[in-house]
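Chemist: I have a structure I would like to understand better, so I am pasting it below and will then ask my questions one at a time.
The values are calculated or read from the model by the stated rules, or taken from the named source; none is laboratory data. Note that the structure is predicted; figures quoted are calculated from it, not measured. Cβ placement follows ideal geometry from the backbone for every residue including glycine, while neighbour counts extend to all protein chains displayed. The area values use the complete protein model at the heavy-atom level, side chains included, leaving out ligands, DNA and RNA. Shrake-Rupley method; radii C 1.70, N 1.55, O 1.52, S 1.80 Å.
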Amino acid sequence: MTELAYFKDTYVVCGTGRVLEVIDTSVLTNGAVTPLTKALQRHPHAVILDATLFYPQGGGQPTDTGRITGPNGHFTVAHVFMDNKRVYHQGTLHGTLNENDAVDLAVDEDVRMRNARCHSAGH
């Protein structure tokens, strides 16, 4: 289960987390196709963290984008979704991220604020 830190303060766009899992989606082609594996295959990699500031797509608001940086690489976050209380950060891995790595999270603030304004305006 991923802690949803973005609920604490919409304006916090930098923080830390710990890697729980890194998924190479190319290996998901072997086996049964489920809605989860189909969603994961839209991007080369997915990262699951113990806590996240990245807002997943849902409730009419688009996903956050940004960057996750670890000791030996970084991950460009292109899309975020939640399934079964786990938040999947999808995108491209540059270098390596390993299970238990401490990472820095940086949400693209311009995208977050634009999405929040558009979402609020829709109400």
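Chemist: Relative to the Cα centre, what is the charge dipole magnitude of the chain, using +1 at the beta carbon of each Lys and Arg, -1 at the beta carbon of each Asp and Glu, and rounding to the nearest 20 debye?
Modeler: Values: 10 positive and 13 negative charges, 77 e Å.
Here the chain has a charge dipole of around 360 debye.
Chemist: With the other protein chains left in place, how much accessible area per residue, in square angstrom, belongs to region 1-96 at a 1.4 angstrom probe?
Modeler: 53 Å²
Chemist: Turning to a different aspect of this structure: Among Gly95, Ala106, Pro62, which residue has its Cα furthest toward the positive end of the charge dipole of the chain, with +1 on Lys/Arg Cβ and -1 on Asp/Glu Cβ?
Modeler: Pro62
Chemist: Taking the mean number of other Cβ atoms within 10 Å as a proxy for protection, how do you rank 96-103, 50-57 from highest to lowest?
Modeler: 50-57, 96-103
Chemist: Mind checking the log10 I(q)/I(0) for the chain at q = 0.19 Å⁻¹? Debye, one equal scatterer per Cα, no solvent, two decimals.
Modeler: Values, matching the q order: -1.01.
Chemist: Out of the total accessible area of the chain (probe 1.4 Å, heavy atoms of protein only), what percent is carbon and sulfur?
Modeler: 52 percent
Chemist: Quick query: amide H of Val87 versus all other amide H atoms, modeled in the peptide plane; which residues come in under 5 Å with a sequence gap of 5 or more or a different chain?
Modeler: Thr2, Leu49
Chemist: Also, quick follow-up: By how many degrees, 0 to 90 and rounded to 10, does the Cα axis of helix 109-121 deviate from the longest principal axis of the chain?
Modeler: Tilt of helix 109-121: around 60 degrees.
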